[in-house]
Structure formats: structure tokens, C-alpha cells
Amino acid sequence: MKIALVSPYDFASPGGVVAHIANLGRELEERGHTVKIMAPLTRGSAVGVDNLIAVGKPFPVPTNGSIARISLSVWRERTVKSVLREEGFDIVHLHEPLAPVLPLTVLHHSNAVNVGTFHAYSERAYRYRLSHRFLHRLFNKLDGRIAVSPPAMRYVSKFFPGDYRIIPNGLDVDSFAQETRPFDAFSDGKLNILFVGRLEKRKGLKYLLAAFSRLKWSYPFLRLIVVGSGNPGKECYQIMAERNLQDVVFVGSVSEEHKRRYFRTAHIFCTPATGRESFGIVLAEAMASGKPIVASNIAGYASVMTDGQEGLLVPPKNDEALAEALERLILDPDLRSQMGEDGRITAQSYRWEKVAAQVEACYREATGAVLAAKVA
């Protein structure tokens with residue numbers, strides 16, 4: 001099959017959906033398909049993807065507690081029509097198919113079999129509340145619908161009910177599972193708690209810092225390693241200053257190779273996000289690395305891990321509960337080891353070859369339904 005993977009987001013900016021599309025494209029090509037990626041791209045960027053068709057210039061737009069870089073240009077309609085006509089795709093697979101502007105434009109003009117994957121989740125359905133009446137016609141052009149998790153499906157179904165396949169995000173499990181050398185600077189006998197994520201308010205770093213401050217006096221051998229781009233923010237700096245927190249290390253944005261090494265260096269992984277997570281790929285990365293997890297009990301995370309199995313789930317925005325869960329793992333190395341091993345088992349379900357096989361099955365089912373409708 002000839003497949004188009006369509007992203008609303010700047011392909012030069014790291015993010016979960018962009019990574020998903022890039023990895024899915026590689027896996028589909030390995031399975032014998034021809035794949036092209038259509039996405040906005042910051043001018044002059046090099047992303048190392050040979051099959052990218054850049055459409056539109058991205059702009060930063062606040063959304064769902066983060067900043068999304070999307071194209072807002074409606075003048076690219078001619079380009080989209082030309083690409084669709086010249087490429088002759090069998091499948092057009094749109095990620096966030098109702099997001100402006102590129103996916104909507106592609107879906108409007110596509111005569112191929114159209115499949116949409118819905119990634120987003122929020123406790124509030126504000127994204128679709130004002131627009132759903134205008135988007136139903138385009139939504140009905142989707143011949144196959146995928147949601148990356150049950151929370152993502154519930155979110156979109158509030159305004160766009162229908163049949164959805166649940167197909168999770170994929171992961172290169174082996175790259176996280178392999179024996180990688182930990183960082184020597186952090187292999188000094190201290191117990192390392194790891195945070196990985198963009199330093200946005202919704203990722204909940206301030207709650208982890210508050211929990212860490214509760215523990216540090218009793219357990220001076222603790223260290224907190226913070227991996228991720230962005231600025232911690234005034235509240236985080238205030239907590240560290242007022243409580244004179246020691247052994248908090250901010251390393252900034254890192255390469256994928258170094259991220260795997262930080263997971264190898266860690267003893268406990270902690271992600272205290274406050275909400276708006278549809279899946280939580282970092283949990284799968286931690287599990288594949290064999291690390292026990294302490295995470296917020298939010299919908300997206302609870303769909304990936306089980307409390308008491310791969311780690312511990314605690315109420316969001318509760319630094320006391322977070323500290324208690326971390327302390328339980330600090331004091332019980334056998335429990336850390338068991339949860340890490342259980343996580344390795346769970347991570348196998350997120351292998352890209354399994355995810356891509358499910359996506360392929362969705363393509364075949366959608367194609368069959370379209371052909372049957374034409375015959376009828």
C-alpha cells in the first residue's frame with residue numbers, strides 16, 4: 001500500500017505525536033509499504049527524514065496546557081491538492097484528524113481510504129465544544145478511527161461518537177531494555193529518582209520537588225535528576241530556595257541515547273503529571289528499562305500501568321502521597337526489583353511490530369468497508 005501519514009505538528013519539534021508518526025512510518029516501510037509523511041516544518045530545518053513532504057510554516061499555539069507548533073495557513077490548499085493528486089495514496093492516515101489546519105485540509109480533499117488516530121485527552125472537552133457541529137461532515141469521511149487509549153477515545157467520543165479501535169503508542173522496547181552504561185557521575189552510591197518530561201506546569205514537577213523535600217532530611221542519600229527542556233518556573237525555584245534543596249540536578253534536553261542512559265542510571269522513575277495525558281509514553285519507556293514507577297493516578301497513566309504491579313499510582317497534586325509512595329520504594333529494594341521486572345513484561349505489548357500490525361489491520365478493515373460500500 002502507498003500510505004500518507006499526516007501530522008498537524010511541526011516535524012522539527014520533538015513531541016509524542018511526531019515521534020509516533022516517524023516510528024510508525026519506519027515500521028510500515030519495513031513491512032513493505034511505501035510511506036510519505038506530510039507535516040508543517042520550520043523553514044530551514046533538517047529532520048533526517050527522507051520521505052517528508054513539508055506543507056506549511058508552523059506557529060506556536062497554546063493548547064491543552066502546552067504549546068503546539070501547527071500550521072495555520074489556509075493558503076496551502078493548492079499544495080495539498082497537488083500532493084494528493086500526484087502521489088495517489090491508497091491510505092491517508094491523519095493524526096489528530098480534526099486539528100487545524102493541515103489535517104482538516106487533507107481530509108477535505110482526500111479521495112483515498114481515510115484513517116484517523118486521536119491522541120489527545122483532557123478532563124474538559126473544550127477542543128471540540130465549539131467546533132464539533134462544523135466538523136461532523138469531515139469526521140464522517142474517516143473510514144477507520146483509532147484512539148491511542150481508552151481516555152483518548154472517551155474524550156473524542158463526547159462529541160464524535162462512533163466505532164474506534166484502541167491501538168496504543170509504540171515503543172522501541174529493545175533499545176530501552178538493552179544494557180546501557182549508566183552515567184558515572186551519578187553512580188556514586190546515591191539513590192537516583194528520575195523525572196523525564198517537558199518542564200511545563202501540567203507535568204507536575206513542583207509536586208515532586210515538594211515530595212523530595214519531605215524525604216531528603218530523612219534520606220540524605222537521595223538525588224533527583226530532572227531531564228527535559230524548558231524552564232522549571234517560579235514555583236519550582238521557590239520550593240528549592242525556601243527548603244534549601246540539595247542534590248537536584250537539571251540536565252535539560254537530551255538525546256535519545258542519553259535518555260536511555262538516564263533511565264539506566266535511575267533507581268525509581270517518577271512522573272507526577274496533573275492531567276491531560278492520553279497515554280504517557282515515558283511510563284512505557286521506564287517499564288522497558290526495568291524501573292519501578294511512581295505516577296499520578298490520572299486517566300492516561302492508569303491505562304498504561306496497574307497500581308501495585310509496575311509501580312504505584314497516587315492522587316495528583318498531592319506531594320504528601322507522592323512522598324509516601326517514593327519512601328515505600330526507597331525502603332524496599334526487593335519491591336523495586338519486582339516492579340521493574342513486571343514492567344519489562346508489560347512493555348512488550350507496546351512493541352512497534354505489534355502496534356504496526358494492529359494499524360495494518362485497521363487499514364485492511366477500512367479498505368474492505370469502502371470497497372463493500374462501492375459494490376453495494
Kindly identify the stretch 12-164 as rounded, prolate or oblate by the Cα gyration tensor criterion: order the square roots of the eigenvalues as a ≥ b ≥ c, call it rounded if a/c is under 1.5, otherwise compare a/b with b/c, prolate if a/b is larger, else oblate. rounded
Mean residue ellipticity (222 nm) of the chain, computed from DSSP H runs ≥ 4 via -39,500 (n - 2.57), nearest 500: -12000 deg cm²/dmol
Under the rule of at least 5 residues apart or a separate chain, name every residue whose amide H is placed under 5 Å from the amide H of Leu142. none
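Which of Leu72, Leu194 has the fewest other C-beta atoms within 10 Å, and how do the rest follow up to the most?
Listing Leu72, Leu194 from fewest to most nearby Cβ atoms yields Leu72, Leu194.
With a/c under 1.5 counting as rounded, go ahead and sort the stretch 173-349 into rounded, prolate or oblate using the C-alpha gyration tensor (a ≥ b ≥ c being the square roots of the eigenvalues; past the cut-off, prolate if a/b is larger than b/c, else oblate).
Here the stretch 173-349 falls in the rounded category.
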Percent antiparallel among DSSP beta bridges confined to the chain, nearest 5, equals 15 percent
With point charges of +1 on the Cβ of Lys and Arg and -1 on the Cβ of Asp and Glu, referenced to the Cα centre of the chain, which listed residue (Ala373, Leu335, Tyr121) lies farthest in the positive direction of the dipole? Ala373
Given Cβ charges of +1 for Lys and Arg and -1 for Asp and Glu, the option among Pro292, Gly16, Val55 whose Cα lies farthest towards the positive end of the dipole of the chain is Val55
Along the stretch 97-108, Karplus-curve 3J(HN,Hα) (6.51, -1.76, 1.60; θ = phi - 60°) to the nearest Hz, with x for Gly and Pro, reads x, 9, 8, x, 9, 4, x, 5, 5, 4, 4, 4
Can you tell me how much longer the chain between Val251 and Arg137 gets when fully stretched, taken as 0.36 nm per residue apart minus their C-alpha distance, in nm with one decimal? 36.4 nm
Would you indicate which of (1) 34, 25, 19; (2) 32, 28, 18; (3) 39, 21, 19 is the value of semi-axes √(5λ) of the Cα gyration tensor in Å derived from the coordinates of this structure? (3)
Per-residue HN-Hα couplings for the stretch 160-170, Karplus 6.51 cos²θ - 1.76 cosθ + 1.60 at θ = phi - 60°, whole Hz, x for Gly and Pro? 10, x, x, 8, 10, 8, 8, 10, x, 5, x
Using modelled amide H (1.01 Å from N, peptide plane; none on Pro or chain starts), what sits under 5 Å from the amide H of Gly204, excluding residues fewer than 5 places away? Thr274
For the stretch 194-201, in residue order, the Karplus 3J(HN,Hα) values (coefficients 6.51, -1.76, 1.60; θ = phi - 60°; whole Hz; Gly and Pro = x) are 10, 10, 10, x, 4, 7, 9, 4
Ranked Leu205, Leu191, criterion: other C-beta atoms within 10 Å, fewest first: Leu191, Leu205
Output ordering of 94-105, 351-362, 308-319, 178-189 (per-residue mean of other Cβ within 10 Å, highest first) is 94-105, 308-319, 351-362, 178-189
Linear extension gain, Asp332 paired with Phe183, 0.36 nm per residue minus alpha-carbon span: 51.3 nm
Which FRET efficiency value, to the nearest 0.05, do you get for His108 and Glu242 by plugging their Cβ-Cβ distance into 1/(1 + (r/R0)^6) with R0 = 45 Å? 0.25
If amide hydrogens are placed 1.01 Å from N in the peptide plane, which non-local residues have theirs closer than 5 Å to the one on Tyr121? Ser278
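Every number in this text was worked out from the coordinates using simple rules, so none of it is lab data. All of these numbers come straight from a predicted model, not from anything done at the bench. No Cβ is skipped: glycine too gets one built from the backbone with ideal geometry, and neighbour counts run over all protein chains shown.
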